[in-house]
1. As a quick test, which of the pairs 84/127; 43/127; 8/121; 43/84 have an alpha carbon distance above 18 angstrom in this structure?
2. Going from most exposed to least, what order do 66, 72, 58 have by accessible area with a 1.4 Å probe?
3. FRET efficiency for residue 127 and residue 74, Cβ-Cβ distance as r, R0 = 35 Å, nearest 0.05?
4. So which trypsin sites (Lys or Arg not before Pro) in the stretch 25-76 end up in coil per DSSP with only 13 or fewer other C-beta atoms within 10 Å?
5. For 53, 86, what's the largest-to-smallest order of accessible area, 1.4 Å probe?
6. Per residue, how much accessible surface does the stretch 1-73 expose to a 1.4 Å probe? Answer in Å², no decimals.
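The values are calculated or read from the model by the stated rules, or taken from the named source; none is laboratory data. All of these numbers come straight from a predicted model, not from anything done at the bench. Virtual Cβ from ideal backbone geometry, glycine too; neighbours counted across all protein chains shown. Keep in mind that these areas ignore ligands, DNA and RNA; they rest on the heavy atoms of the full protein, side chains included. Shrake-Rupley method; radii C 1.70, N 1.55, O 1.52, S 1.80 Å.
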Amino acid sequence: MNPINSMKLDFESRSVNEGFARSAVSAFIAQLDPTVDQLADIKTSVSEAVTNCIVHGYRDRIGRVYISAALYEDGRIVIKIKDKGCGIENVEQAMEPLFTTGNSDERSGLGFSVMQSLMDKVKVRSKPGGPTVVTLERRISSKGDTNA
């Protein structure tokens, strides 16, 4: 199925840009007329994925974060967040609650768990030394639809 609308953006992996990413994606999906809760879930998930790129993907250097989003006629939005950082050695382990490669005094290791609890689907593709792509999928129902 082809998207009815799509967008792409990229920006430097600076923590100040995390809010920009969240706002840009939420502005794009506003055309689907999401509920406040749906919008908050997506914004939180995008925030978590972008933060992972900044904190874990690029660690102590600046790189680029890439986001693409596509809207489909059935109300689905598919968001891909990508970095070209250090990659993830063990994706399965990285997705376990409380696992973090960052400073455990500052990081809880719940980012992927949060995304999984808020989105319909979360897929992570990565390899050591290569890019990491987090794909988030959520169906946006109309405010009168009780099925979502």
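1. From 84/127; 43/127; 8/121; 43/84, over 18 Å: 43/127; 8/121; 43/84.
2. 66, 72, 58
3. Working: r = 32 Å, r/R0 = 0.90.
E between residue 127 and residue 74, to the nearest 0.05, is 0.65.
4. Here the sparse-neighbourhood loop sites are 59, 61.
5. Numbers: 53 5, 86 45 Å².
Largest to smallest exposure gives the sequence 86, 53.
6. Values: 3800 Å² over 73 residues.
Accessible area per residue, the stretch 1-73: 52 Å².
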